[in-house]
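The values are calculated or read from the model by the stated rules, or taken from the named source; none is laboratory data. Worth saying up front: this structure is predicted, and the values here are computed from it rather than measured. Please note: Cβ atoms are built from the backbone with ideal geometry, for glycine as well, and neighbour counts cover all protein chains shown. Quick note on the areas: whole protein, heavy atoms, side chains included, nothing else; ligands and nucleic acids left out. Shrake-Rupley method; radii C 1.70, N 1.55, O 1.52, S 1.80 Å.
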Amino acid sequence: MGRLRLPDIALLVALGLDAMPAISAQAIDVGHREVLPDTVVPTHYDLALSPDAEALTFSGTVAITVDVKSPVQDIVLNADALQFDRVTIDGRDSVTVSADQKLGRETLHADQLVSVGRHVVTIEYHGTIGRSTLGFFAMDYAGPDGRHRTLATNFEPTAARQLLPCWDEPGRKASFTLTVDTPTDRVAVSNMPVEQITPLSATTQRVRFAQTPKMSTYLLFLGVGDFERVHKSVDGVDVGVVVRRGDSGKAAYALDQAGQILHYYNDYFGTPYPLPKLDLIAAPGAISGGSMENWGAIFYSQEHLLLDPRAPTEQDRQQVFAVVSHEMAHQWFGDLVTMAWWDDLWLNEGFASWMQTYAADDLHPEWKTGLRALSIFERGKLADAIPSTHPIVQTVLTPDQADEAFDAITYNKGAAVITMLNAYVSRDAFRAGVRRYMSEHAFGNTIDGDLWSLIQVTAGKPILGIERDLTRQEGVPLIRVTRKGGTTVLSEGRFAADPATIAKAAARKWRLPITVRSLASGELQTKILNTSVNLVLPPPVLVNAGQTTYGRVLYANDEVGALVEHMASLSSADQLGLLNDALALGLAGYTDASNVLAMTKALPVDADPIVWQRTITILRSIDDHYAPGLDRAAYRRFVLGLLQPLAERLGHTASSGEASNVEILRVSLEQAQGRLGDSAVIGWAKQTLADQTGSAVDQLTAMTIVAGQADAPTFDSLVAQATAERDPLAKQHIFEALAEVQDPELVKRMVEIAFGDQPPAGTGRYLIPPLAITQPDLVWNLALPHLLDPKLPLENDMRWRLAVNIADRSALPEREIALQAYEVQSVPENARRPFDGALASIRQNRHIAERALPEMTRWVAAQSH
């Protein structure tokens with residue numbers, strides 16, 4: 001476990017700042033954690049593996065150098081589904097082994113006390129290679145010359161124990177030396193460069209990698225496959241992209257961006273990347289978690305890394321950059337400096353999510369990624385407003401809870417809070433604190449106070465209390481705006497998707513830096529809101545100007561009209577903030593649900609493409625709540641009419657020199673028009689696909705629209721095209737288009753395809769949620785037998801996430817009952833929190849149908865008079 005290091009308390013006092021706040025019990029209480037005894041600590045693993053790719057089995061030998069802190073007779077370590085063949089301690093065979101399968105542990109009982117000091121535990125063992133994409137697994141794909149198989153690992157949070165016996169906890173750092181036996185026509189990749197290759201026969205070889213620095217077990221990586229590598233030197237580091245043979249042309253963009261990012265991060269963090277090489281490795285499909293930041297050997301789902309130069313899209317370019325920069329940020333935040341325990345996972349994921357945006361704004365300002373991030377932060381607010389929410393710094397006791405911690409609170413709320421604090425203290429002061437943190441804690445473990453105490457010192461501002469309020473308390477702050485004479489009063493409450501739940505929740509108060517702007521005079525005031533604050537500014541006022549404060553803003557009804565009138569003159573960030581808050585507040589019943597429609601109507605046609613793209617997403621999400629019928633038809637006519645001037649302005653064909661985000665907007669617009677039944681757009685899509693005309697972007701957009709409207713012959717044709725496709729990435733794109741299908745009979749077929757072996761390895765799970773958006777109850781009934789099938793090659797936490805993601809789209813009371821029954825049958829009690837959120841979402845969907853949609857329907861009807 002990491003040791004808390006405090007800056008000089010006298011310096012804090014001299015600056016007039018907070019001393020380090022007492023860390024809440026939930027952040028440091030280890031009394032009930034499933035952790036190993038600390039009497040024996042690993043310092044080095046020497047691991048030798050011999051996998052049999054065809055038989056899906058492997059054998060291994062690991063010699064673990066340990067430091068015994070006090071005399072013990074039992075050494076306890078982690079192992080999951082590994083069969084021990086022989087165990088020795090310092091070469092002595094007199095060791096008995098007992099297993100605790102529930103906890104994933106093995107106890108090695110020596111015939112005499114093991115003394116204090118250095119010892120070597122050697123274990124010979126064997127195991128199986130799985131099919132799910134967590135642990136040690138195989139991924140198959142079809143190539144021009146037949147089937148190929150890639151072997152790979154993916155361990156976070158606690159799956160390293162499926163490859164080797166180990167101390168599988170982030171705070172138990174040790175170095176690794178890895179040796180693997182492979183076919184001579186295969187390439188092996190790990191965290192460090194190859195040190196030696198020894199021929200074993202005409203067809204096999206032994207590959208030994210250089211020793212790693214101290215690192216956590218979840219960061220170890222091994223990949224074996226028919227790979228090729230493109231690379232270049234950046235700041236003295238060998239940076240490579242590893243792909244299946246024949247895909248090197250798709251690696252050029254990622255390699256170029258990775259080189260720019262590495263140079264940028266070396267400067268930002270002030271600590272150069274410490275390994276001799278950095279590989280970015282493409283899976284022939286998708287892996288659990290999307291991509292994984294293994295130190296020196298980042299493993300990516302294929303669409304997160306590869307860009308086909310024959311059919312590039314702007315959306316793909318920005319996505320590849322985002323994921324590459326996110327995982328590369330982890331090489332410092334997470335790998336070089338690692339959280340002591342999963343309670344502080346946000347130190348990894350929240351920071352990397354923020355950093356990917358920060359780096360994009362500096363390296364590609366034309367993308368306006370910071371503006372786009374405001375909509376991404378909404379995912380955090382949505383998760384933070386339902387009963388399954390939790391503090392950013394949360395209690396994690398078990399591996400199941402560690403899996404559960406990888407959620408929108410950790411990633412998106414975490415990134416939103418960091419964005420707010422960076423803006424509050426200034427870029428330079430924030431970076432200075434991060435640089436000190438990296439320097440002082442390199443190769444170690446930390447808790448979040450280690451970071452924020454240093455940033456407070458470099459910034460000279462009291463941020464510890466602000467950070468503590470937002471990370472130790474759950475919930476979205478609700479900032480109420482009222483006027484009393486010439487004074488604007490801001491007061492705090494708590495926002496909830498279902499306000500009735502607030503009465504049952506503990507009261508919350510936050511210290512929030514908040515900026516308010518007078519729309520009449522342009523005057524700005526920034527305050528720390530703590531319960532309430534009074535301001536004297538000419539009305540109307542815009543609260544949270546710039547949208548950096550984490551919270552929702554609720555205006556009095558008479559203020560909303562004034563804001564709508566000013567919509568066209570607001571900044572893009574403030575337009576987004578008003579739209580997002582109006583939607584959330586209206587659906588929850590705090591204000592009239594039609595306010596968001598009034599704001600969309602007031603949005604100028606030349607508003608920023610990112611604002612329009614978010615507007616389209618909002619309008620589509622409202623449509624998803626409508627049942628087929630006259631009300632939905634009227635709503636769709638309104639939306640299509642609203643979008644028509646934008647469509648005329650953009651056209652179907654890109655203009656010379658248009659902004660990169662316009663292409664992304666055009667795709668979103670055309671797909672929305674197709675989903676909402678615009679006959680002209682559907683006709684264009686059918687013609688474009690049939691004639692194979694237009695750009696690659698046009699073809700993909702057209703295929704998605706046609707698939708959504710498909711009849712049986714069209715569906716069959718697209719499935720046949722996907723089946724015949726030998727490129728895993730192109731195959732994935734076709735199946736993703738097919739997941740937009742609306743016909744109930746074809747939805748049934750698509751669910752079975754998604755759970756089968758036709759999609760590229762690991763991608764089927766991601767085809768189910770889109771199918772459930774409009775037909776959750778049908779998809780639930782079809783998916784449930786698969787989720788209950790123990791032979792389904794899908795890890796438990798992904799089964800549970802799928803169940804939640806399908807059910808929370810429903811509004812039926814019987815779906816609540818079915819979800820609760822599945823929860824009781826399949827999910828451990830300590831991992832059920834997301835199900836509370838799904839149950840609440842089902843109830844909220846009913847409330848939306850009963851109250852919010854009628855308000856919107858009346859407003860839409862009034863527009864036609």
Answer residue from the range 74-89, given it is open to solvent by less than 20 Å² (accessible area, probe 1.4 Å) and of a type in the set (A, V, I, L, M, F, W, C) and is nearest to W167 (Cα to Cα) among those: L77
Any residue in the range 689-713 that's free of Cβ contacts under 8 Å to residues at least 40 places away in the same chain and small (G, A, S): show its pairings with residues that are surrounded by 21 or more Cβ atoms within 10 Å (Cβ to Cβ) and not in a helix (DSSP H, G or I) at Cβ separation under 6 Å, as long as the two are six or more apart or on different chains. A707/E740; A707/V741; G708/E740; A710/V741
Out of the residues in the range 760-781 that are of a type in the set (S, T, N, Q) and either part of a helix (DSSP H, G or I) or out of contact with any Asp or Glu (no Cβ under 7 Å at 6 or more places or on another chain) (or both), state the one that is surrounded by the most Cβ atoms within 10 Å (Cβ to Cβ). T763
How do the pairs read when you match residues in the range 408-436 that are within 16 Å of W332 (Cα to Cα) with residues anywhere that are open to solvent by 30 Å² or more (accessible area, probe 1.4 Å) and of a type in the set (V, I, T), using Cβ under 6 Å and keeping only pairs 6 or more apart or on different chains? A432/T458; G433/T458
Of those in the range 489-530 that are farther than 16 Å from G577 by Cβ and basic (K, R), the residue surrounded by the most Cβ atoms within 10 Å (Cβ to Cβ) is R494
Lone qualifier among D469, D400, D428, D407 - being under 22 Å from the mean Cα position of the chain (by Cα) and either surrounded by fewer than 23 Cβ atoms within 10 Å (Cβ to Cβ) or at positive phi (or both): D400
Considering V611, V605, which residue is open to solvent by 30 Å² or more (accessible area, probe 1.4 Å) and β-branched (V, I, T)? V605
Among the residues of the range 589-643, how many are farther than 25 Å from D498 by Cα and within 30 Å of the chain's Cα centre (by Cα)? 7
Could you check how many residues of the range 841-865 are charged (D, E, K, R), within 23 Å of T389 (Cβ to Cβ) and without any contact (Cβ under 8 Å) to a residue 40 or more places away in the chain? 1
Reported set for the range 318-343 where residues are open to solvent by less than 10 Å² (accessible area, probe 1.4 Å) and of a type in the set (A, V, I, L, M, F, W, C) is V320, F321, V324, M328, A329, W332, F333, L336, V337, M339, A340, W342
Breaking point among (1) open to solvent by less than 10 Å² (accessible area, probe 1.4 Å); (2) under 14 Å from T548 (Cα atoms); (3) not basic (K, R), for I376: (1)
So which residues in the range 90-121 are closer than 17 Å to V68 by Cβ, open to solvent by 40 Å² or more (accessible area, probe 1.4 Å) and in a strand (DSSP E or B), if there are any at all? R92, H109, D111, Q112, L113, R118
Filtering the range 130-166 down to residues that are within 26 Å of the chain's Cα centre (by Cα) and in a loop (DSSP other than H, G, I, E, B) yields R131, S132, T133, L134, F155, E156, P157, T158, A159, L163
Quick one: which residue in R833, R843, R815 is surrounded by fewer than 20 Cβ atoms within 10 Å (Cβ to Cβ), more than 19 Å from the chain's Cα centre (by Cα) and either modelled with pLDDT under 95 or under 21 Å from L382 (Cβ atoms) (or both)? R843
Please go through (1) farther than 17 Å from G130 by Cβ; (2) at pLDDT 95 or above for T763 and return the number of the only condition it doesn't satisfy. (1)
Taking the criterion of being farther than 24 Å from K368 by Cα, polar (S, T, N, Q), at pLDDT below 95 and in a helix (DSSP H, G or I), would at least one residue in the range 524-534 satisfy it? no
Condition (residue is part of a loop (DSSP other than H, G, I, E, B), at pLDDT 95 or above and in contact with a Lys or Arg (Cβ under 9 Å, 6 or more places away or on another chain)) applied to the range 555-569: is it met by at least one residue? no
Would a scan of the range 301-315 turn up a residue that is closer than 26 Å to L151 by Cα, part of a helix (DSSP H, G or I) and touching a strand residue (DSSP E or B) at 6+ places or on another chain (Cβ under 7 Å)? yes
Going residue by residue through the range 63-73, is there one that turns out to be free of Cβ contacts under 8 Å to residues at least 24 places away in the same chain and open to solvent by 10 Å² or more (accessible area, probe 1.4 Å)? no
Cβ contacts < 6 Å: first residue of a type in the set (S, T, Y), restricted to the range 246-267; second residue open to solvent by less than 20 Å² (accessible area, probe 1.4 Å), any location; separation 6+ or different chain. Result? Y253/L307; Y264/A359
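To keep it simple, each residue is scored yes or no on (1) out of contact with any Leu (no Cβ under 9 Å at 6 or more places or on another chain); (2) among the acidic types (D, E).
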site: A654; (1), (2): yes, no
site: G657; (1), (2): yes, no
site: R666; (1), (2): no, no
site: F735; (1), (2): no, no
site: E740; (1), (2): no, yes
